[in-house]
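**Q** First the structure, then my questions, so here it is.
A short reminder: the numbers here are calculations on the coordinates, not readings from a lab. Because the structure is a prediction, the values reported are computed rather than measured. Counting neighbours? That spans all protein chains shown, and the Cβs are built from the backbone with ideal geometry, glycine included.
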Amino acid sequence: MKINKIREMSSPDLEKELVDLKSELFKLRFSLATNGLDNPKKISQVKKDIARVNTVLTERKLKEANK
């Protein structure tokens, strides 16, 4: 997911996306442990997306706190 797309989303949408990404990461890790993944690189991509969403949410919280 691109950072521009993340920045365009509203905060409630971002929080929902964060929950979805965390559940996807759990499923990927579980799948890796049980039977292997076709694309192990997907785990690192999902982790980076989680970090991007958290970064944007933190930026918005800090912006609100400074007002």
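**Q** How tilted is helix 41-66 with respect to the longest principal axis of the chain? Cα atoms for both, answer in degrees (0 to 90, nearest 10).
**A** With rounding to tens, the tilt is 20 degrees.
**Q** For the chain: lysine pairs with Cα atoms under 17 Å, gap of 8 or more or different chains, count?
**A** Going through the chain pair by pair, I get 20.
**Q** Let me ask something else. Quote the convex hull volume per residue of the chain, based on C-alpha atoms, as a whole number of Å³.
**A** It is 76 Å³ per residue.
**Q** Separation between the Lys61 and Arg7 pseudo-spin-labels, each 7 Å from Cα along Cα→Cβ, expressed in nm?
**A** The answer from the label model is 2.1 nm.
**Q** Report the relative contact order of the chain, percent, no decimals, based on alpha-carbon pairs under 8 angstrom and at least 6 residues apart.
**A** After rounding, I find 44 percent.
**Q** Mind checking the angle between helix 11-34 and the chain's longest principal axis? C-alpha axes, 0 to 90 degrees, to the nearest 10.
**A** Helix 11-34 sits roughly 20 degrees off the main axis of the chain.
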